[in-house]
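What follows is a set of notes on a single structure, which appears directly below.
The values are calculated or read from the model by the stated rules, or taken from the named source; none is laboratory data. Bear in mind the structure is a predicted one, so any value in this text is a computation, not a measurement. Here Cβ is always computed from backbone atoms with ideal geometry, including for glycine, and neighbour counts include all displayed protein chains. The accessibility values were calculated without ligands, DNA or RNA, using every heavy atom of the protein model including side chains. Shrake-Rupley method; radii C 1.70, N 1.55, O 1.52, S 1.80 Å.
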Amino acid sequence: MLFRSWAENVVVSDASARATAPGQESAAIRFSITSKKEARLVAIVSPVAGAVEIHSMTHDNGVMKMRAIEFLPLPAGKMVKLGASGNHVMLLNLKNSLKAGESVPLTITVEFADKRKEKVNVSAEVKPLAASRDEHERHIH
């Protein structure tokens, strides 16, 4: 099923997460985001998590390094995919396990060059826990 949410200048599509195992405290969220204007993704909040962070991942001498970033540039008119490699979003300090078939509410804030902000409310579909889990979900914070 295709989930699509939009505000005046921003479209978010294909938002999803994987179900979590009992006791798992973090989960990756995947989605695509397109801004009509030059902008940057500056914040994401969700009532299911204590914190939500935008992360970048790089490979340095064969070692995968992950770090939280303050914002993610959104070039005008270009789709930016957040997912399993590269830039992604993490739900941290989950309040409950994510169960397949549920949805995760997110509020995504985008800031434009003129400092005006636009918020997009998104529902990320929780998909069944796959046998081969996302590389990032094995990271320890």
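See the values below:
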{"read-out": "Eligible lysines near residue 99 by straight Cα distance, threshold 21 Å, same-chain separation 8 or greater", "value": "127"}
{"read-out": "Charge dipole (the chain, unit charges on Cβ, about Cα centre) - positive-most of 57, 77, 47", "value": "77"}
{"read-out": "GNM top mover of 29, 69, 54 - the chain, alpha-carbon springs below 10 Å", "value": "69"}
{"read-out": "Semi-axis lengths (Å, descending) of the ellipsoid that matches the C-alpha gyration tensor of segment 50-114", "value": "22, 20, 12"}
{"read-out": "Å³ per residue enclosed by the Cα convex hull of the chain", "value": "110"}
{"read-out": "Where Rh is the Kirkwood radius over Cα pairs, Rg/Rh for segment 14-95", "value": "0.99"}
{"read-out": "Accessible area (Å², per residue) of segment 69-115, counting only protein heavy atoms and a probe of 1.4 Å", "value": "52"}
{"read-out": "Candidates 77, 86, 23: whichever shows maximal mean-square fluctuation once the chain is modelled as a Gaussian network with Cα springs under 10 Å", "value": "23"}
{"read-out": "Set of lysines with alpha-carbon distance to residue 36 below 25 Å, sequence-local pairs under 8 removed", "value": "78, 81, 115, 117, 119"}
{"read-out": "Net charge dipole size for the chain [Lys, Arg +1 and Asp, Glu -1 on Cβ; Debye, nearest 20]", "value": "160"}
{"read-out": "Mean Cα-pair separation over length for the chain, i.e. relative contact order, pairs under 8 Å, 6 or more apart, %", "value": "33"}
